[in-house]
Amino acid sequence: MNWLILILAGLFEVGFTTCLGKAHSSSGTTLIWWMGGFVLCLFLSMALLFHASRTIPLGTAYAAWTGIGAIGTVLVGILLFNESTDPWRLFFIFMLVVSLVGLRMVSN
């Protein structure tokens with residue numbers, strides 16, 4: 001169950017980075033909404049990471065959390081911000097996925 005909580009924490013990390021990216025191109029009330037989303041997602045991500053790290057070793061939990069956030073943020077960048085889909089970039093993102101699966105397989 002704590003691995004699911006950790007995945008959710010990583011998805012909220014993607015949420016706060018997405019809000020941050022959208023805030024860069026916003027102003028006025030829209031900027032305030034994006035920054036509010038950033039703060040909310042940041043809080044939820046940290047709270048869920050804290051909860052998951054009670055039973056998952058902290059180093060493993062942190063590595064998985066940042067990996068999920070990195071993978072998700074790159075995918076959001078490609079889909080929403082027209083970032084590069086260079087084959088090497090995609091290869092290394094795939095390697096992050098493989099690494100996360102490996103961490104899950106060897107963790108208690």
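The values are calculated or read from the model by the stated rules, or taken from the named source; none is laboratory data. Owing to the predicted nature of the structure, the values given are computational and were not obtained by experimental measurement. Note that each Cβ is placed from the backbone with ideal geometry, even for glycine, and that neighbours are counted across all protein chains shown.
Just a few scattered comments:
- Residues being polar (S, T, N, Q) and in contact (Cβ under 8 Å) with a residue 24 or more places away in the chain - total across segment 1-44: 3
- Of all residues in segment 1-34, those satisfying the criterion of being under 17 Å from I78 (Cα atoms) and polar (S, T, N, Q) are T17, T18, S25.
- Scan of segment 76-108 for residues that are in contact (Cβ under 8 Å) with a residue 40 or more places away in the chain, assigned to a helix (DSSP H, G or I) and under 25 Å from T60 (Cβ atoms), ordered by number: V76, L103, R104
- Only one of the numbered conditions (1) of a type in the set (D, E, K, R); (2) within 20 Å of M95 (Cβ to Cβ); (3) surrounded by fewer than 17 Cβ atoms within 10 Å (Cβ to Cβ) is violated by R54, and that is (2).
- Scope segment 12-33; condition of a type outside the set (F, W, Y), farther than 16 Å from I56 by Cβ and touching a Ser or Thr at 6+ places or on another chain (Cβ under 8 Å); matching residues: V14, G15, T17, T18
Table: residues versus (1) within 22 Å of G67 (Cβ to Cβ); (2) touching a helix residue (DSSP H, G or I) at 6+ places or on another chain (Cβ under 6 Å).
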site: V14; (1), (2): yes, yes
site: C19; (1), (2): yes, yes
site: G28; (1), (2): no, no
site: M35; (1), (2): no, yes
site: F38; (1), (2): yes, yes
site: L44; (1), (2): yes, yes
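- Boolean, S53 is polar (S, T, N, Q) and at pLDDT below 95: no
- Scanning segment 38-51 for residues that are exposed (fewer than 14 other Cβ atoms within 10 Å of the Cβ), more than 23 Å from L103 (Cβ to Cβ) and aliphatic (A, V, I, L, M) returns a single hit, V39.
Residue-by-condition table, conditions (1) modelled with pLDDT under 95; (2) among the aromatic types (F, W, Y); (3) surrounded by 13 or more Cβ atoms within 10 Å (Cβ to Cβ); (4) part of a loop (DSSP other than H, G, I, E, B):
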{"site": "L4", "(1), (2), (3), (4)": "no, no, no, no"}
{"site": "L11", "(1), (2), (3), (4)": "no, no, yes, no"}
{"site": "G15", "(1), (2), (3), (4)": "no, no, yes, no"}
{"site": "W33", "(1), (2), (3), (4)": "no, yes, yes, no"}
{"site": "G36", "(1), (2), (3), (4)": "no, no, no, no"}
